[in-house]
Structures are given as C-alpha cells and as structure tokens.
Amino acid sequence: MPMASPVAVIASLVFYSFIASSTVAANFYNDFDITWGDGRGQIVNNGQLLTLSLDKASGSGFQSKNEYLFGKIDMQLKLVPGNSAGTVTAYYLSSKGSTWDEIDFEFLGNLSGDPYILHTNVFSQGKGNREQQFYLWFDPTADFHTYSILWNPQRIIFSVDGTPIREFKNMESKGVPFPKDQPMRIYSSLWNADDWATRGGLVKTDWTHAPFTASYRNFNANACIWSSGSSSCPSNSPPSSTSNNSWLSQELDSSNQERLQWVQKNYMIYNYCADTKRFPQGLPFECNTA
C-alpha cells in the first residue's frame, strides 16, 4: 500500500486528536488513590483533575482502585513544562510479583526547547527489554493529549490522540511470552531520574524550577475489571463490533496500519528490533516475524 502524504497524515492526526479529546470525564475520586508523595499528588476540581508534583524532597504517584485483565485505557496528560530535564513521568499498567507483566508509557524530561522522549516497553513474566522511543509531533506540555493502551488477547496497541504508534502482537504460539494471565493496575508517578533520563544522565535536574507538575484528566477505561478471581467481562459471549467489548478483538485496519508506519518512520528514535549491537546473538524472535 502506498504511504500517505505528510499533509494527509497530519490532517488525519489533527482529526483524531479532536476525536480523542472528546472523552467523557471520569471522577478520579472513584477510580484512583494517591499512593505516595506526602501531599504532592492531589485530586482537585471535584474529582475532574489530578496533579502530581516533584520537588527535591520527593515525587508522587497514584494507582487505580481496580485491577484489569484486558482493556482500552485512555488518559489525558499535560506534561511538566519548561526545563524538565532529569524528570520522568511514568504512566503504565503493571501486575505484582517477580514474574510481573507491564505495559509502559514513560515521558523523559528535556531542556527547554528540546522535545520530550516518549519511551515505551512491554514486560511479560518479568522480562522487558522491548523498548521503542519516539518524539511527539506536538508540544505535550502546552495542552492535554490522550495516551491510550489497547490490551486484548491478541495484541497491545499504544496510541497518542488516537494515532497508533506501536503494536505488540501475541506470538505465544512461537514461544514469545505475552501479558494475558495477570491482572494489572494502572499506575503513574512523577520522579527524579537524572542519573539516566536526559541524555543518559548528562543533564541533571535544575531544582530552581521545582516544583515540577504533571496533570491528568478524562480517564476512561472500557475494560474487564478483575475482582475476587473473576472478570467482569462475560466469558460465554464473543465480542462483536456493536457491543461495548468490541475492543476485545480490535485490530489495526489498513488506515491505522498506514498511520502507524508513518509515525514509526518519522518519529521513532529507538527500536530494540533494530539494535544489533545490543543483541549480537540475534534479534528477539518477535522482531523477525512480520
């Protein structure tokens, strides 16, 4: 299939950004607990806004009240503005234990005027090392943007404002572990990582700019809630395109495949599947499978 022109793709991104921003707002009091930070994390505006802050003494974080086993998870974030070098805003799904599963968005801070790096990773049974990193096609500190994780039994799709940036397929039949058996909570934290986050740790956090603050709104989870060993999703009815659980079998259509390829061609800055120096004995199996 021929690639779309940059103008057409940008127009598409703007359209999907508008669609993604129209999510109905949830109430953070109902869905999340501030778990650490000694008051640096706050739920305000009658539950419509959550903020995390970082200063020299501590960062902060929150987690979802519910655990999920598969879902379409959306959250709008506005990242730390200005000189955020050394800071990391992490937003991810994770289970517990030594063989945990995890699906990561991490936003690596920058010097003023430099782009944020969006870091993604997938862990299965305690094993990660599946990093892909991207620049974004907008300033993520100027306004809220929607960051989504679609996680179903067949695939994981990372999206930004409705635009897919990464797909990780279930290839268990080929011996590649896939997160599908462990329920996960949603977590987010804002913390100091100036030993590695910005230019490999060369640029340190400038605490004269503290406190650093990231903001969250419009959480939406169309997901299977896991409670007392069972799922809220019916196990005896297959998902359909007209039901609320159609995401359970969702995949990328040709248009979204094209947009994914365009983002990866123009904005991907690191792909573990292209790092032959890191894997001298051969790339991971999933990298060699179309």
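Any chance region 146-169 includes a residue that's closer than 24 Å to residue 64 by Cβ, out of contact with any strand residue (DSSP E or B) (no Cβ under 8 Å at 6 or more places or on another chain) and among the polar types (S, T, N, Q)? Checking region 146-169: not a single residue is closer than 24 Å to residue 64 by Cβ, out of contact with any strand residue (DSSP E or B) (no Cβ under 8 Å at 6 or more places or on another chain) and among the polar types (S, T, N, Q).
Tell me, yes or no, whether region 130-140 has at least one residue that is out of contact with any Phe, Trp or Tyr (no Cβ under 8 Å at 6 or more places or on another chain), over 19 Å from residue 258 (Cα atoms) and not basic (Lys, Arg). Within region 130-140, one or more residues are out of contact with any Phe, Trp or Tyr (no Cβ under 8 Å at 6 or more places or on another chain), over 19 Å from residue 258 (Cα atoms) and not basic (Lys, Arg).
Residue selection: residue 152 fails the criterion of being surrounded by fewer than 18 Cβ atoms within 10 Å (Cβ to Cβ), touching a helix residue (DSSP H, G or I) at 6+ places or on another chain (Cβ under 7 Å) and touching a residue at least 60 places away in the same chain (Cβ under 8 Å). Against the list (1) exposed (fewer than 14 other Cβ atoms within 10 Å of the Cβ); (2) modelled with pLDDT of 95 or more; (3) of a type in the set (A, V, I, L, M), the condition residue 49 fails is (1).
Filtering 137, 226, 196 for residues that are surrounded by 16 or more Cβ atoms within 10 Å (Cβ to Cβ) and more than 20 Å from residue 97 (Cβ to Cβ) leaves a single hit, 137. If I filter region 117-135 for residues that are out of contact with any His (no Cβ under 7 Å at 6 or more places or on another chain) and farther than 29 Å from residue 182 by Cβ, do I get at least one hit? Yes: region 117-135 contains one or more residues that are out of contact with any His (no Cβ under 7 Å at 6 or more places or on another chain) and farther than 29 Å from residue 182 by Cβ.
For region 262-279, filtered to residues that are closer than 20 Å to residue 134 by Cβ and more than 18 Å from the chain's Cα centre (by Cα), the residue that is surrounded by the fewest Cβ atoms within 10 Å (Cβ to Cβ) is 265. Residues in region 37-74 that are without any contact (Cβ under 8 Å) to a residue 60 or more places away in the chain and farther than 30 Å from residue 250 by Cα: 37, 38, 39, 41, 42, 43, 44, 45, 46, 47, 57, 58.
Residue count for region 167-191 under the criterion of being buried (at least 21 other Cβ atoms within 10 Å of the Cβ) and assigned to a strand (DSSP E or B): the result is 6.
Of the residues in region 87-108, none is of a type in the set (S, T, N, Q) and in contact with a helix residue (DSSP H, G or I) (Cβ under 8 Å, 6 or more places away or on another chain).
When region 86-115 is filtered for residues that are among the small types (Gly, Ala, Ser), more than 13 Å from residue 194 (Cα to Cα) and in a loop (DSSP other than H, G, I, E, B), the ones remaining, listed by number, are 95, 97, 98, 112, 113.
Pairing residues of region 119-137 that are without any contact (Cβ under 8 Å) to a residue 60 or more places away in the chain and over 16 Å from residue 90 (Cβ atoms) with residues that are surrounded by fewer than 19 Cβ atoms within 10 Å (Cβ to Cβ) and among the β-branched types (Val, Ile, Thr), at Cβ distances under 6 Å and at least 6 apart in sequence or on separate chains, gives 125/99; 126/99.
The values are calculated or read from the model by the stated rules, or taken from the named source; none is laboratory data. Source: prediction; values computed, not measured. Note: ideal-geometry Cβ built from the backbone for every residue, glycine included; neighbour counts use all protein chains shown.
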